[in-house]
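One structure is given below, encoded as structure tokens.
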Amino acid sequence: MSEYETPKEEKSERAPSGRTFLCVVDDSEEFGVALQFACRRANNTNGRIALLYVVQPAEFQHWMAVGERMREEARDEAQELLNVVASVVQKRTGKVPTLYIREGDVHEELLELINEDPEISLLVLGAATGTDGPGPLVTYLVQKMAGKLRVPITVVPGSLTEEDISLIS
């Protein structure tokens, strides 16, 4: 567990349903739709939201101090973004989400977190609306990992409106 993760003691305050909806935070448009869907589902099932942000490792290895500074800045930026998203979740659900910041490959870190935290019960991802496909994470998980995950994946179309989400959640 990194210094940015919520301690186990704080995680014990879970919803009676035990449902925790995990969203992977990024700057895509479809993330907003996935988050909105997850918050609606959490409200309707007395569940909670968990947010994961994965920082890419610093590539700069020539001077250790410079590489470490880049790493710290990336983690600080991740914490700031998660704090903003967490405030949105709290407004929508009335509950403080569990926050995770990991460093490494997003695929590996996501799978590791799902396997580590038994309270995560559903992974909610947004699908991109462009011509390049649903996005690299959705493609990877659906094509390579869907049968190997211990939790279901909900892929929310990025083109859904707030009204659409209200109707289906």
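Coordinate-derived values only; no laboratory data. Keep in mind it's a predicted model, so treat the numbers as computed, not measured. Here Cβ is always computed from backbone atoms with ideal geometry, including for glycine, and neighbour counts include all displayed protein chains.
Computed values, structure above
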{"quantity": "Top positive-direction residue, dipole computed over the stretch 16-168 with Cβ charges, set I153, V24, G133", "calculated": "I153"}
{"quantity": "Antiparallel bridges, percent of DSSP beta bridges restricted to the stretch 16-168 (to nearest 5)", "calculated": "0 percent"}
{"quantity": "J(HN,Hα) series, the stretch 46-55, from Karplus relation 6.51 cos²θ - 1.76 cosθ + 1.60, nearest Hz, glycine and proline x", "calculated": "6, x, 10, 10, 10, 10, 10, 10, 10, 8"}
{"quantity": "Test item: Cα-centred dipole of the stretch 16-168, Lys/Arg +1 and Asp/Glu -1 on Cβ, debye", "calculated": "780 debye"}
{"quantity": "Residues with amide H under 5 Å from that of V156, placed H, sequence gap 5 or more", "calculated": "L125, G126, A127"}
{"quantity": "Label-to-label distance, nm, for residues given as S166 and E72 (7 Å Cα→Cβ offset)", "calculated": "4.7 nm"}
{"quantity": "For the stretch 108-115, Karplus couplings with θ = phi - 60° (6.51, -1.76, 1.60), whole Hz, Gly/Pro x", "calculated": "5, 5, 5, 5, 5, 5, 4, 6"}
{"quantity": "Rounded, prolate or oblate (a/c below 1.5 giving rounded, otherwise prolate when a/b exceeds b/c) for the stretch 16-168 by Cα gyration tensor", "calculated": "prolate"}
{"quantity": "Sequence of D76, D117 once ranked by neighbouring C-beta atoms within 10 Å, starting from the fewest", "calculated": "D76, D117"}
{"quantity": "Anisotropy class of the stretch 89-169 from Cα gyration tensor, a/c 1.5 cut", "calculated": "oblate"}
